[in-house]
Amino acid sequence: MKISKQINSYRRSIMRSLTKNIGASHLHLNPRPEAEIRRILISRPNHRLGNLLLLTALVQEVSITFPNSKIDLLVKGGIAPAIFREYGNIDRIMQLPKKPFSHLVQYVKVWLSIRSRQYDLAINAIENSSSGRLSVLFSSASCKFFGAFDENLNLERPDYQHHAKYPIYNIREFMATSGINRKEQPIPFLDLKLTQEERASGAKMLQGITGKGRKTICLFTNATGAKCYSEIWWLEFYENLKAEFPDCAIIELLPIENTSRLRFKIPTFYSTDIREMGSFIANTSLFIAADSGVMHLSSAVGTPTVGLFSITNQNRYQPYNTASIAIDTNTIGQHGMIQLIREQFGRSLSTR
């Protein structure tokens, strides 16, 4: 293990020890509580694309509950500004460096900026984030929500464990204790909030590859570590998919490394711009990928998505929009997967 990894490992261990006993959330408001919440901190100190896209659901929920509020986000890394560009009530995005010990001055400045602003409400989005819990504690907010896992809600809500949903179920329960009750309604979907111009640009890029009017299946064959399927697996899957949907164009979205587990056998699209990738995916008919940030990007632009799961918990991370499914590839083989895709999406992929 490299020294920097060892230091980060020690840092995480220390942070867990410091935050494991942080106190209970508290919210005490007057008869018109919504009017008192004007400035909000939402803390999700993580740099991964998928985790920040999952956060879009909570940001929408808070925006609906407090429509006159301004929201600051505490995140990590540099992609959050692109994800939240079209969220009009986002005021500041405070970005912790991915490698704090290599950028110590920037790291300290971000923490000081949390303390420098008066918040009415501070929210830790995910329970197991030590930095998130500590940032809420460190803030000057009068109302603090630390995001503890709620066993009662877990029993009541079959989808409670999903990482886009459980923070919202928690915050609704939290708000209800001070009289802020929202009507029972669906959890907001992930949303990149693409503009019409971005969608139109994506349509042009797609048509340049497949031609106008063709139904298109887009594959993303990359993923992190053991979540990634082999070249042999993807090549077999592609042949099965092509045989089942011969009238559809099948293309591959390439990862930042510009590699292909289909050996560049089919048309490809490459971009390092999150919003450009999203606008391209938004114009495809179906997106298929292993559990990854790009899978959540597809969900966030409203494209029907098939998420492939082999080692991660699909109850926590399955794609979440109006027409998506998760498949456990440990229990369903490729032919079963193709049949399931036919049953779920065959009508929308048909050209007849």
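Annotations for the structure displayed:
- Extension gain, residue 116 to residue 98: 0.36 nm times the residue separation minus the Cα-Cα distance gives 4.3 nm.
- Share of pairwise Cα separations in the range 167-221, more than 14 Å, in percent: 72
- Note on the range 80-183: with charges restricted to the Cβ of Lys and Arg (+1) and Asp and Glu (-1), its dipole about the Cα centre is near 440 debye.
- Charged-residue dipole, Cβ positions (Lys, Arg, Asp, Glu), the range 133-216 about Cα centre, Debye nearest 20: 520
- Residue 70 versus residue 268: modelled label distance in nm, points set 7 Å from Cα along the beta carbon direction: 4.5
- When the charge dipole of the chain is built from unit charges on Cβ atoms (+1 for Lys and Arg, -1 for Asp and Glu) and taken about the Cα centre, the candidate among 88, 56, 338 whose Cα reaches farthest toward its positive end is 88.
- Most positive-pole-ward Cα, 251, 112, 272, against dipole of the chain from beta carbon charges: 112
- Using alpha carbons only: equivalent-ellipsoid semi-axes of the range 25-176, gyration tensor based, whole Å: 23, 18, 15
- For the range 178-322: relative contact order, % (alpha-carbon pairs under 8 angstrom, 6 or more apart): 31
- Its relative contact order, with pairs defined as Cα atoms under 8 Å and 6+ residues apart, puts the chain at 16 percent.
- Of 70/227; 165/204; 109/204; 98/204; 98/144, those spanning more than 32 Å from alpha-carbon to alpha-carbon: 70/227; 165/204; 109/204; 98/204
- Maximal additional length on extending the residue 339-residue 149 stretch stands at 64.7 nm, based on 0.36 nm per residue less the C-alpha distance.
- Against the empirical curve 2.2 N^0.38 Å, the C-alpha radius of gyration of the range 204-352 lands at a ratio of 0.95.
- The charge dipole of the chain, taken about its Cα centre with unit charges on the Cβ of Lys, Arg, Asp and Glu (plus for the first two, minus for the last two), comes to roughly 1020 debye.
No value in this document is a laboratory result; all are computed from the given coordinates. Just so it is clear, the structure is predicted and the values come from calculations on it, not from any experiment. Backbone-built Cβ (ideal geometry, glycine too); neighbour counts: all protein chains shown.
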